[in-house]
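Contents: one structure, followed by commentary.
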Amino acid sequence: MLKIKQIPGDFFVKELIKTEIKNQGKYKCYVLKKKNFTTLKAIEIISKRFNLNLKDIGYCGNKDKNAVTEQFISIRTNKNIIFNNKDIKLEFLGHLDNKINLGDNEGNYFEITARNLDKKYNKINNIVNYFDDQRFSKNNALIGKLLLKREFKKICKILKINSMNEVNKKILRFYLHSFQSYLFNLAVSDYIKKYKNYKKIKYSLGELFFIDKYEKLKFPLISFDAKFSKKDKIYLKFLKKEDIKLGDFIIKQFPYLIEETSYRDVFVKIKDFKILNYEEDELNPGKFKENISFILPKGSYATMVIKQML
């Protein structure tokens, strides 16, 4: 069976971003290099070490825990921030006029080693743009649904806290996004099933359906103002099944969670796909490993490339 992330070095991701580094500015810019930590956890550790407010640390997106990752962060501080240990490192680049925010990155470069293979696999040109298991770990989607149902006591019980106010705003927003992502996967899978030659695989929240094609098409990450076309009206079936109404996305108890509907590509093209090598797998005797590199748009999952490729 295919193995990825057997060791942290098997999965490398580097954030691609356009930003103007200056000699002076309100924010200091760093490259955060990490492994074995989520982005949020690494930033929490840095903030506590230097007594920083989490609001003053900006970043583009969350990077995998079980990987070697590089991403840009901004910190509003006059302190001399030096952090260098085995798993988390900061490299100072210069200053910025503005804070780095979610979504600022333009894409990600990946180098991945797929292990325990019996044969060599060929490059692919595009993928179905699902959210993968990393998005749904630790009951993320369930907590997002409970937010919409105003089941705050249940959320506190799951997270083992006394009050919702103990949850960081970014983390709470991530829970809601996780449920929106789950609905997106359901709708896209249903859309793909209309093709006769689809293939399917299991993932943590059910099944995903794949087709080898590219179509310029966007589906909504639904919120209170979502409007549906003939192609994505299947959402209505899933909303009914989950007992969720569009109005539920207006969470007055947490106004910062109220966001307009955004749209995500159903298919994305892979850039600069390269097969770097194919050789014997030193970690799995009698098997082979294949090392590949490629670039994906922001928000797309490299693990989906592996799943659709193999």
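The values are calculated or read from the model by the stated rules, or taken from the named source; none is laboratory data. Since this is a predicted model, take the numbers as computed values, not measurements. Cβ atoms come from the backbone with ideal geometry, glycine included; neighbour counts cover every protein chain shown. Protein only, heavy atoms only, side chains kept; ligands, DNA and RNA dropped before computing areas. Shrake-Rupley method; radii C 1.70, N 1.55, O 1.52, S 1.80 Å.
3J(HN,Hα) along segment 239-249: 4, 5, 4, 7, 6, 10, 10, 4, x, 5, 6 Hz, from the Karplus curve 6.51 cos²θ - 1.76 cosθ + 1.60 with θ = phi - 60°, whole Hz, x for Gly and Pro. In terms of its alpha-carbon gyration tensor, segment 97-152 comes out oblate; a/c meets the 1.5 threshold, while b/c is at least as large as a/b.
Across all directions, the shadow cast by the convex hull of segment 158-206 built on its C-alpha atoms averages 4.5 square nanometres.
Where Lys and Arg each count +1 and Asp and Glu each count -1, what net charge lies around residue 96 among other residues with Cβ under 10 Å from its Cβ?
Net of charged neighbours comes to +3.
I need to check one value: relative contact order of the chain, counting alpha carbon pairs closer than 8 Å and at least 6 residues apart, in percent. List each step's numbers first, then the result.
Numbers: 577 pairs, mean separation 67.4, N = 310.
Computed over the chain, the figure is 22 percent.
As an equivalent ellipsoid, segment 17-77 spans semi-axes of 20, 15, 8 angstrom, where each value is the square root of five times an eigenvalue of the C-alpha gyration tensor, largest first.
Going by average Cβ density within 10 Å per residue, which order do the peptides 26-37, 252-263 take, highest to lowest?
Put in order of decreasing packing, that is 26-37, 252-263.
Coupling constants for segment 35-51 follow from the phi torsions by the Karplus curve (6.51 cos²θ - 1.76 cosθ + 1.60, θ = phi - 60°), and in residue order they are 8, 6, 9, 6, 4, 4, 5, 4, 5, 4, 4, 5, 5, 5, 4, 10, 6 Hz; glycine and proline get x.
The trypsin sites (Lys or Arg not before Pro) of segment 120-210 that meet both conditions, a loop assignment by DSSP and at most 16 other Cβ atoms within 10 Å of the site Cβ, are 120, 123, 149, 150, 160, 193, 194, 196.
Just want to confirm a number: the relative contact order over segment 167-299, from Cα pairs under 8 angstrom separated by 6+ residues, in percent.
Relative CO of segment 167-299 lands at 21 percent.
The alpha-carbon atoms of segment 151-274, seen along their principal axes, cover 50, 35, 27 angstrom, with the largest extent given first.
Taking Cα pairs under 8 Å and at least six residues apart, what relative contact order does segment 1-111 come out at, in percent? Write out the running numbers ahead of the final one.
On the way: 233 pairs, mean separation 49.3, N = 111.
The value is 44 percent.
Go ahead and estimate [θ] at 222 nm for the chain from helices alone: -39,500 (n - 2.57) per DSSP H run with n ≥ 4, summed, over the residue count, rounded to 500. Mind showing how you got there, number by number?
Numbers: 6 runs with 68 residues, N = 310.
Taken over the chain, the calculation gives -6500 deg cm²/dmol.
Using a 1.4 Å probe over the heavy atoms of the protein chains, calculate the carbon and sulfur portion of the accessible area of the chain as a whole percent. Answer for the chain is 49 percent, counting heavy atoms of protein chains only. Rounded to the nearest Hz, the phi-derived 3J(HN,Hα) couplings of segment 164-178 under the Karplus curve 6.51 cos²θ - 1.76 cosθ + 1.60 (θ = phi - 60°) are 4, 5, 7, 8, 4, 4, 5, 5, 5, 5, 5, 4, 5, 4, 5, where x marks glycine and proline. Each 10 Å bin, from zero up to the one with the longest distance, holds this percent of the alpha carbon pairs of segment 220-310: 12, 28, 24, 17, 15, 4.
Distant-in-sequence amide contacts of residue 267, defined by a placed amide H-H separation under 5 Å and a gap of 5 or more residues or a different chain, comprise 129, 215, 217.
Considering only 226, 42, 285, and ranking their Cα positions along the charge dipole of the chain that arises from unit charges at the beta-carbon of Lys, Arg, Asp and Glu, the one farthest toward the positive end is 226. How would the chain be classified by its alpha-carbon gyration tensor: rounded, prolate or oblate, with rounded meaning a/c under 1.5 and the a/b versus b/c comparison settling the rest? Because a/c hits 1.5 or more and a/b fails to exceed b/c, the chain counts as oblate. For the chain, the solvent-accessible area of protein heavy atoms averages 54 Å² per residue (probe radius 1.4 Å; ligands and nucleic acids excluded).
Considering only the other residues whose Cβ falls under 10 Å of the Cβ of residue 81, what net charge follows from Lys and Arg at +1 and Asp and Glu at -1? Spell out each step's value before the answer.
Values: positive: 28, 49, 79; negative: none.
That sum, taken over residues with Cβ under 10 Å, equals +3.
Too long at a 23 Å Cα-Cα cut-off: which of 138/233; 196/289; 34/160; 193/241; 65/123? Intermediate results must be reported in sequence, preceding the final value.
Working: 138/233 29 Å; 196/289 32 Å; 34/160 27 Å; 193/241 19 Å; 65/123 26 Å.
In this structure, 138/233; 196/289; 34/160; 65/123 lie more than 23 Å apart at Cα.
For segment 1-156, the gyration tensor built on C-alpha atoms gives an oblate shape. Its axis ratio a/c (a ≥ b ≥ c) is at least 1.5, and a/b is not larger than b/c.
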